[in-house]
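Contents: one structure, followed by commentary.
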Amino acid sequence: MERAYYVTTPIYYISGNPHIGHAYTTVVADVLARTARTIGPAFFLTGTDEHGQKVANAAAAAGKTPQTWCDELVPRWQSLFAAYHVAYDDFIRTTQQRHEHVVQRVFSALRERGDVYLGTYEGWYCVADETFWLESKLVAGKCPTCGRDVQWLSEDDWFFALSKYAPRLIEHYRAHPDWVRPQSVYNEMMALLEEGLEDFSISRSTFDWGIPIPDGSGVIYVWFDALLNYITAIGWSVDDARFHRFWPARVQLVGKEIARFHTLVWPAVLWALGEEAPEIVFAHGWITVEGQKMGKSLGNAVDPFALADRFGADSLRYFLLREAPFGSDFSYSDTKIAQRHNSDLGNDFGNLVHRTLSMLQRYCGGIVPPAGEAPVLERFAGLPLRVRNATLDLRFRESLEAIWELVTALNRTIEERKPWTLHKEERKRELDALLYELCEGIRRLAVLLHPVMPERMEELWQRLGAGTPIGQAWEDAFAQRIAPGTLTTLREPLFPRIDPAEE
Ligand code: MSP
């Protein structure tokens, strides 16, 4: 069985409603999975992180049991992803039995091996981030990530023997300098490793919203529970053949604030279980508002549903991938989204489509004419490979810039070859060849842009009267070409103009 391209997002805390930051990582994973599916099997996992004090507190504040709270919120998250045209293969909830049972099995297995042992924990804890902090890491006595107060905890806890894995981690980092990306995060993690790692507590006894510790008291620490979702979802210890079809994951996407858990703790847990580390952990940057990470707790979160209504989800998907090199922070602004929408999608791409289909109506009754020479398309024959390589290497901006070279070239060829003059001078063969080239060109653009804007591109294929080559290798989709005689339809613009000033 062929190994599948396995891509994951963090599982999201359902302590409140989702915001555009959550949509961001999930959309990126969707673009990767859709692109990977054109060359082989892929599996895309997302889900919700439902245990821990933070979720329990949110439920209590709403006067609900944590389970009822989670059950009520999960559909909201799933509808967010649907609204953003995300096609995940599986959605894991950490309160599902398939997860809880296996987490308990992991705990017992590691206890038998001595990698999980009983000790006393004393130290600082940030509830909002569900994170323990060394005193030396606190900033003015507060949590270094979110700036909130931390609590002093003292309890008998189960520990994970992380320090034991430090030498192997260092070795792994040196042997695989690309396994943590971007480079800045790799360097930061390497520096932490060189400072030394401590064993850490993986149980809690002060509250009970978590997976019960097998044959003991207390619950498993939410992060230990959560990280395991990546392997419980694909059948670890339940269906070995399935597990090995997916693991090690090709790419695990996370925001940079949780890189530590994914690149220092997670590989050690996997090694303790006799499994391999993921191939790549990519810790991307933040969507910021006035320099601060957008988030529910800072009260600066943007409602992703309202945003999708205003701009269209596909336009936002484009914006999120195009705006900044993947890995960097970028600041949120409605005006910037509107500008990108109007210039790239409305003007460059949308006009190309609209002009082509209108000329086809005017000069050929909407019917695709016979093909002739197609110099622009010939020049861009290598585009599928270039775009695929950039996308699967997580260089989304470059990938879109490469596609836009074809958009620009097709717009330019209209200006240079002037179909209106060809029509007036009755140079039918040349006009046919040009219109054919434009139709086939926009069909190819729809192929390459489908992972980023699936709904709009499917609409475009329909207008072109062309088949929908979803999941087909791009080279094959290119080779098929649109058939002369196909009836096309002219409709309203694909990306109607948006007034940037409108609130
Ligand atoms: N539950 C943990 C993750 C466990 S994974 C085993 C968690 N959840 S979270 O709800 O806080 O989601 C964090 C993730 O959401 C980030 O790592 C990132 O992927 C995404 N983002 C949340 N806010 C974001 C921004 N402002 N900008 C970019 N991504 C954002 O941490």
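The values are calculated or read from the model by the stated rules, or taken from the named source; none is laboratory data. Being a predicted model, the structure only gives us computed values, none of them experimental. Note: ideal-geometry Cβ built from the backbone for every residue, glycine included; neighbour counts use all protein chains shown. The area values use the complete protein model at the heavy-atom level, side chains included, leaving out ligands, DNA and RNA. Shrake-Rupley method; radii C 1.70, N 1.55, O 1.52, S 1.80 Å.
Put a plus charge on the Cβ of each Lys and Arg, a minus charge on the Cβ of each Asp and Glu, and nothing anywhere else: the dipole of the chain about its Cα centre is then about 1500 debye. Residues whose amide H comes within less than 5 Å of that of residue 156, counting only those at least five positions distant or on another chain, are 121 (H built at 1.01 Å from N in the peptide plane).
For the chain, relative contact order (Cα pairs under 8 Å, six or more residues apart, normalised by length) works out to 16 percent.
Karplus-derived 3J(HN,Hα) values for region 152-169, using 6.51 cos²θ - 1.76 cosθ + 1.60 with θ = phi - 60°, are 8, 10, 9, 7, 7, 10, 8, 10, 9, 7, 5, 4, 4, 8, 4, x, 5, 4 Hz; glycine and proline are entered as x.
Principal-axis analysis of the Cα atoms of the chain puts helix 454-464 at an angle of about 20° to the longest axis.
3J(HN,Hα) along region 233-250: 5, 10, x, 4, 6, 10, 9, 4, 5, 5, 3, 6, 6, 10, 9, x, 4, 6 Hz, from the Karplus curve 6.51 cos²θ - 1.76 cosθ + 1.60 with θ = phi - 60°, whole Hz, x for Gly and Pro.
Placing +1 at every Lys and Arg Cβ and -1 at every Asp and Glu Cβ, with all other atoms neutral, what dipole size does region 334-479 have around its Cα centre, in debye to the nearest 20?
Dipole size: approximately 260 debye.
Across q = 0.15, 0.31 Å⁻¹, region 180-221 modelled as identical point scatterers on its alpha-carbon atoms has Debye log10 I(q)/I(0) values of -0.59, -1.00, in the order of the q list.
Counting only alpha carbon atoms, the long axis of helix 97-113 and the longest principal axis of the chain meet at about 50°. Ordered from highest to lowest accessible area with the whole protein assembly present and a 1.4 Å probe, 367, 14 read as 367, 14.
Unpaired cysteine residues in the chain (no second Cys Cβ under 4.7 Å): 70, 146, 364, 439. Proximity of backbone amide H atoms, modeled 1.01 Å from N, is registered between residue 133 and 124, 125, 126 at under 5 Å, excluding neighbours fewer than 5 places apart on the same chain.
Placing unit charges on each Cβ (+1 for Lys and Arg, -1 for Asp and Glu) gives the chain a dipole about its Cα centre, and among 282, 298, 457 the Cα reaching farthest toward its positive end belongs to 457. Angle of helix 20-36 to the longest C-alpha principal axis of the chain, folded into 0 to 90 degrees and rounded to 10: 60°. When the surface is traced with a 1.4 Å probe over the full set of protein chains, residue 298 keeps roughly 100 Å² accessible. Summary value for region 334-479: 27 percent relative contact order, contacts being C-alpha pairs under 8 angstrom separated by 6+ residues.
Think of the chain as a dipole: +1 on every Lys or Arg Cβ, -1 on every Asp or Glu Cβ, centred on the Cα centre; then among 316, 56, 359, 359 lies furthest on the positive end. Could you check how much of the accessible area of the chain is carbon and sulfur, as a whole percent, using a 1.4 Å probe? Taking all protein chains in place, the chain shows 50 percent carbon and sulfur surface. For region 334-479, the per residue solvent-accessible surface stands at 41 Å², with DNA, RNA and ligands left out and a 1.4 Å probe. With unit charges on the beta carbons (Lys and Arg positive, Asp and Glu negative) and the dipole taken about the Cα centre of the chain, which residue among 326, 131, 438 sits farthest to the positive side? Positive-most Cα among the choices belongs to 438. Computed over protein heavy atoms with a 1.4 angstrom probe, the accessible surface ordering of 195, 100, largest first, is 195, 100. Rounded to the nearest 10 Å², what accessible area does residue 148 have for a 1.4 Å probe in the complete protein model? Accessible area, nearest 10 Å²: 90 Å². So what's Rg/Rh here for region 334-479, counting alpha carbon atoms and using the Kirkwood radius for Rh? Rounded to two decimals, Rg/Rh equals 0.97. Taken over the C-alpha atoms, the chain has Rg and Dmax values of 25.8, 89 angstrom.
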